[in-house]
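Before any comments, here is the structure.
The values are calculated or read from the model by the stated rules, or taken from the named source; none is laboratory data. Please read these numbers as outputs of a predicted model, since none were measured by experiment. Cβ coordinates were reconstructed from backbone atoms using ideal geometry, including for glycine residues, and neighbour counts include every protein chain displayed.
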Amino acid sequence: MEKINISSISYCKIILHAIKYPHCQIKGILIGKNNCEGGINVLDVIPALHSALVVPPIEILFVHLDNYCCENKLEIIGFYYANNIFNNNSLDEQLLKIASDKINNPLILQLDNSKLSLNAISPCLRAYCQKKSLYSLNNSDETISLANLAVQNKLHKNIADFENHLDDPLIFDFFNSDLNEKILYIQNNNF
């Protein structure tokens, strides 16, 4: 079985993006690498939108991320999203279409709203791939605890998505560099 490894910071940022916009359908882009065993390493996520999926902002974001990935020897490997309705676990067909058009064999991570809580005890993500291979998500208990601590420390107030960046580019860093440092600080002081 092939594995999808999600970095602790990536997992936390997905959770924080959803917590910041609980009434919205959120979307973001997965950055990482395919590993030599056929698995996938999600090394970072870029929060993209918290409103209806509109193609022009995604196109602009892809231009930024293509350059970033080339400079850092990374790849855009997929999308993450959460539905805005608590018990809606359906796939976002429009997002799947965009992912298939932009990315070869995209990985789609869906946040399961029913598992999202301040004291989560199990991973909140589901993985979908176009490949017929069997995948399993790798998230340690430490990663889930780190996400809980990030929420308890109200770090969701610090996350910015690309939509925020388009509103005010001087204030909102969609790479969330400061947030990454805060998550690492919590991780280094608690685990």
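Observations
- Residue within the range 50-62 that is surrounded by fewer than 23 Cβ atoms within 10 Å (Cβ to Cβ) and closer than 18 Å to residue 150 by Cα present: no
- Selection over the range 39-85 of residues that are under 15 Å from the mean Cα position of the chain (by Cα), part of a loop (DSSP other than H, G, I, E, B) and over 20 Å from residue 180 (Cβ atoms) gives a count of 1.
- Some residue of the range 105-114 being over 22 Å from residue 12 (Cα atoms), of a type outside the set (Ser, Thr, Tyr) and touching a residue at least 24 places away in the same chain (Cβ under 8 Å): yes
- Scanning the range 17-35 for residues that are farther than 20 Å from residue 4 by Cβ and of a type in the set (A, V, I, L, M, F, W, C) gives 19, 24.
- Candidates 3, 33 - the one that is under 15 Å from the mean Cα position of the chain (by Cα) and not hydrophobic (A, V, I, L, M, F, W, C): 33
- Residue ranges of helices (runs of 4 or more DSSP H) in the range 97-191 with at least 1 members at pLDDT below 90 and more than 16 Å from residue 45 (Cα to Cα): 141-152
- The residues listed here are 181, 93, 142; of these, the one that is in contact (Cβ under 8 Å) with a residue 60 or more places away in the chain, of a type outside the set (A, V, I, L, M) and exposed (fewer than 15 other Cβ atoms within 10 Å of the Cβ) is 142.
Residues are listed down the side, and each one gets a yes or a no for (1) modelled with pLDDT of 95 or more; (2) over 24 Å from residue 60 (Cα atoms):
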residue: 7; (1), (2): yes, yes
residue: 10; (1), (2): yes, no
residue: 13; (1), (2): yes, no
residue: 16; (1), (2): yes, no
residue: 40; (1), (2): no, yes
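- One residue stands out in the range 72-87 among those that are touching a helix residue (DSSP H, G or I) at 6+ places or on another chain (Cβ under 6 Å) and hydrophobic (A, V, I, L, M, F, W, C): the one that is farthest from residue 175 (Cα to Cα), namely 86.
- For the range 20-38, a residue qualifies if it is modelled with pLDDT under 95, under 22 Å from residue 138 (Cβ atoms) and either in a loop (DSSP other than H, G, I, E, B) or among the small types (Gly, Ala, Ser) (or both), and the qualifying residues are 35, 36, 37, 38.
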